[in-house]
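Laboratory data are not the source of any read-out in this text; all were calculated from the coordinates shown. The model shown is predicted, which means the values in this text are computed figures rather than measured ones. Here the Cβ is made from the backbone with ideal geometry for all residues, glycine too, and neighbour counts use every protein chain on show.
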Amino acid sequence: MALLLAKLATATVLALLIGSGSAAPPTPTTTAASRYCDGETGVCYSEATVGVAPIKWRVAIPAVEAGPFDILLQVVAPRSVAWAGIAWGGGMLYNPLSLGWPNGDTSVPASRFASAHVQPDIYDPAVHTKLKGSTANATHWTLTTVCRGCSQWVNNGGARTTLDPGATAAGFAFAASPTPPLDPADPWSPLEIHTEHGLFTMDLQAAQSQDFEEWIDLLSL
């Protein structure tokens, strides 16, 4: 019963992740796009800064002409952001949802998928592996994770959607909340409803690197 209630609570939140029913639809969000290179690791990302906080979304991908491909995701947010999520297809339904939040001095990744504005399913095809650089302190938290299964998915009607690695303005959506998950140590913990959400774009062409696999090895725990 406790697990069912937890999943139902989670479903309520994710049903509002990108808007549904009485919730307002997402609105375009001003994006400060750039390329960011970590001076310590040498890893370079395509970066978008969005939201009130603001939140930095960083993505690196291998140098490929077509998907599917793994995605190296880094999220940097102030502690006022208690959880944040990205929808890889630009909306809640029929695309992988990558979530993250701080937990003590580290951070937690979570993966979900919804086929309706109801309880999202556990999405086994998208596997998030936490990497070095996943930290949290008194002011900010950072999640560094590689997602295997976030660049391709089956949408409504059975059609397969694949992210275009050459897109210079790939469309995504985000949501965030100042209220932490009920159990921050649990990737499937119920979440509070977001207080902001919106749409943004990111340059995937600039996110490509021939060094991608070396970076994953470097960052592996």
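Extension gain for Thr135 to Thr161 (0.36 nm times residue separation, less C-alpha to C-alpha distance): 6.1 nm. Once the chain from Asp105 to Glu40 is taken as fully extended at 0.36 nm per residue, the excess over their C-alpha distance is 21.5 nm.
Around the amide H of Ala167, modelled in the peptide plane, lie the amide H atoms of Leu204, Gln205, all under 5 Å away and 5 or more residues distant in sequence or on another chain.
As a proxy for reagent exposure, ranking His140, His128 by other Cβ atoms within 10 Å from fewest up yields His140, His128.
Phi angles across region 209-217 convert, under the Karplus curve 6.51 cos²θ - 1.76 cosθ + 1.60 with θ = phi - 60°, into 3J(HN,Hα) values of 8, 5, 8, 3, 5, 5, 5, 4, 4 Hz, Gly and Pro given as x. Close amide H contacts of Asn95 (hydrogens built in the peptide plane, cut-off under 5 Å, sequence separation of 5 or more or a different chain): Ala114. Just to confirm my numbers, what's the Cα centroid distance between region 70-131 and region 156-221 in Å? Each part reduced to its Cα centre gives a spacing of 6 Å. Ranked by how many other Cβ atoms sit within 10 Å of their own Cβ, fewest first, the residues Met202, Met92 fall in the order Met202, Met92.
Computed from backbone phi with θ = phi - 60° and the Karplus coefficients 6.51, -1.76 and 1.60, the 3J(HN,Hα) list for region 177-189 is 9, x, 9, x, x, 4, 10, x, 7, 9, x, 9, 5 Hz; x is used for glycine and proline.
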